[in-house]
Amino acid sequence: MQFTSEQRLDDVLEREFTLAEIPGILWTPASASTPVPLILLGHPPLGLQKMYPRLLARARHTAAEGYAAATIELPWSGERPRSAAAEQARADLHRALEAGEPVDDEIVDRLILPLVDKAVPEWRAALDALLALPEIGGPVGYSGGVIAIGTRLAVVEPRISAAVLFAGSFVPRTIVEEARQVTIPLHVLLQWDDEGNDRQMALDLFDAFGSKEKTLHANMGGHTGVPQHAGDDGNRFFARHLK
């Protein structure tokens, strides 16, 4: 891990880094004097630059609770090299949605599974590097989407103690099967009227999770209409499991 920039933004210290040419950002509470827990901030594959305002707001919310937050650029996003196969799958998805047609499993698999297969090892490598920093302790939480990435991480990464998962992206049926192996506490956010996404698949995924403690918070509204109090509920969830 190599830090490439640093700036203090009132309540947080923000440092950009690269990890094997993968861009990332680490935010730590400016007032922290001892190692703090870490929350990994998941996000859709739209690029860190585009997602930055929302990620910064989430990081500040996290820092106010005494946690560090970190994120990395997803494969084929931002300035990272593109995948022709992923671009084709995305085009096929948009074509089906615009035509009002159901999105079949084959399109979802082509779009999501390669992303999960590549992103999850990168997240784990980032976690290795982050936990080696003296200012980062444990435990570790995961917050956000893509929900298939969060699900796979919850299965394979024992250092993640709890997760807040954002429903709102397509889920391959193989990921639903993997969800049965998830045992960590979960807090799942679902926008009931999320346009272009399969509500029933999100419900099926929640039902499949093997966790003994799992909570589904469903709010009315579209994909970007998540109410402010949903973030507060997520903070209370992490307070129970990361402190």
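Considering the convex hull of the alpha carbon atoms of segment 12-92, report its projected area averaged over all viewing directions, in nm², one decimal. Provide the component values of the computation, followed by the final result.
Values: hull surface 23.6 nm².
Mean projected area for segment 12-92: 5.9 nm², to one decimal.
Please report the orientation-averaged projected area of segment 104-231, defined via the convex hull of its C-alpha atoms, in nm².
8.0
What is the list of residues in segment 35-57 whose amide nitrogen lies under 18 Å from a point 7 angstrom out from the Cα of Glu79, following Cα to Cβ?
Residues 46-53 fall inside that zone.
Under 16 Å Cα to Cα from Lys214, which lysines show up? Leave out anything in the same chain fewer than 8 places away.
Hits, sequence-local ones excluded: zero.
Which residues does a label at Ala20 reach in segment 117-141, if reach means a backbone N under 19 Å from a point 7 Å past the Cα toward the Cβ?
Under cut-off, by backbone N: 117-133.
Excluding residues fewer than 8 places away in the same chain, name every one of the lysines whose C-alpha is closer than 22 Å to that of Lys212.
Answer for Lys212, where 22 Å is the Cα cut-off: Lys243, listed by chain and number.
If amide hydrogens are placed 1.01 Å from N in the peptide plane, which non-local residues have theirs closer than 5 Å to the one on Gly144?
Gly42, Val164, Leu165, Phe166
Only helices at least 20 Å long along their own axis, judged from Cα atoms, and with Kyte-Doolittle mean hydropathy of -1.0 or greater: name those in the chain from DSSP H.
Helix filter hits for the chain: 48-64, 84-98, 105-131.
Please work out the Cα center distance from segment 74-108 to segment 131-207, rounded to the nearest Å.
Cα centroid of segment 74-108 versus Cα centroid of segment 131-207: 21 Å apart.
Under a point spin-label approximation (7 Å from Cα along Cα-to-Cβ), what is the Thr34-Lys50 distance to one decimal in nm?
A separation of 4.2 nm, rounded to one decimal place.
In angstroms, what radius of gyration and Dmax does segment 139-214 have, counting Cα atoms only?
Values for segment 139-214 (Cα only, Rg and Dmax): 11.3, 35 Å.
Below 15 angstrom from the Cβ of Glu14, what's the summed charge of the other residues (Lys, Arg +1; Asp, Glu -1)? Kindly include the intermediate steps, with their values, before the conclusion.
Values: positive: Arg8, Arg15, Arg54, Arg58, Arg60; negative: Glu6, Asp10, Asp11, Glu16, Glu135.
Combined, the nearby Lys, Arg, Asp and Glu give 0.
With Cβ to Cβ distances under 14 Å as the rule, what net charge do the other residues near Trp192 carry (K, R +1; D, E -1)? Each step should come with its number before you reach the end.
Values: positive: Arg199; negative: Asp193, Asp194, Glu195, Asp198.
Within the 14 Å Cβ shell, the charges total -3.
Could you give the dipole magnitude of the chain about its Cα centre, charging the beta-carbon of Lys and Arg +1 and that of Asp and Glu -1, in debye to the nearest 20? Intermediate values should be presented prior to the final figure.
On the way: 23 positive and 33 negative charges, 130 e Å.
In total the dipole reaches around 620 debye.
At 0.36 nm per residue, minus the direct Cα-Cα distance, what do Arg199 and His241 gain on full extension? Give it in nm, one decimal, please. Can you show the working numbers first?
Values: separation 42, 0.36 × 42 = 15.12 nm, distance 2.76 nm.
Using 0.36 nm per residue and subtracting the Cα-Cα distance, I get 12.4 nm.
Every number in this text was worked out from the coordinates using simple rules, so none of it is lab data. Just so it is clear, the structure is predicted and the values come from calculations on it, not from any experiment. Neighbour counts are summed over all protein chains in view; Cβ atoms, including those assigned to glycine, are modelled from backbone coordinates with ideal geometry.
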